[in-house]
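First comes the structure, then the notes that go with it.
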Amino acid sequence: MPRLAAAVFLVLHGFAHVLGFLGSWRLAELRDVPYTTLVVNGAIDVGDVGIRIVGLLWLAAAAGLVVAGIAVWRSVRSALRITVVATSFSLVVCVLGLPASPVGVAIDVAVLSVAVALTAMRTGSFRPAVR
């Protein structure tokens with residue numbers, strides 16, 4: 001059950017990235033994702049072409065998270081690695097999308113924290129030192 005919940009969570013987070021694509025390509029009028037050519041909390045103006053490239057990054061992050069969700073659901077041997085790569089990419093894209101994507105940043109940081117904890121448990125890093 002936890003594996004299925006994690007998989008669904010990753011897929012839903014991936015679908016949320018589609019909103020960034022739709023907004024940056026002006027395919028939908030979204031109140032929470034207004035069209036702007038500014039990225040990184042308004043620090044950089046990438047212009048119309050640049051924001052479309054950022055939109056493609058949103059779409060790539062969505063695809064990566066969906067793949068990670070499927071890998072977790074199917075218990076693929078490298079599911080944790082796939083999830084870390086997809087979530088790290090998602091974090092970069094969410095930082096580009098600030099201030100519209102603070103929830104995405106928080107989710108990515110939480111997922112990466114869980115991945116670090118899982119990795120530490122697998123390697124035995126949490127075991128007390130033997131004296």
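Values in this text are rule-based calculations from the coordinates and carry no lab data. The structure presented is a predicted model; accordingly, all values stated were derived computationally and were not measured. Heads up, the Cβs are rebuilt from the backbone with ideal geometry, glycines too, and the neighbour counts pull from every protein chain shown.
Observations on the model:
- Cα-centre dipole for the chain with unit charges at Cβ (Lys and Arg positive, Asp and Glu negative), debye to 20: 820
- Choice from Asp32, Asp48, Asp108 with maximal GNM fluctuation in the chain (Cα, 10 Å cutoff): Asp32
- Cα lying deepest toward the dipole's positive end in the chain, options Val93, Ser113, Phe15, charges on Cβ: Ser113
- Descending semi-axes in whole angstrom, ellipsoid equivalent of the chain, from the Cα gyration tensor: 32, 16, 11
- Of the residues Ser113, Ser90, Ser101, the one that moves most in a GNM of the chain with alpha-carbon contacts below 10 Å is Ser113.
- Farthest toward positive dipole pole in the range 20-131 [+1 Lys/Arg, -1 Asp/Glu at C-beta], among Ile53, Ile70, Pro34: Ile70
- FRET efficiency, Thr36 to Ala106 (Cβ-Cβ, R0 22 Å, nearest 0.05): 0.55
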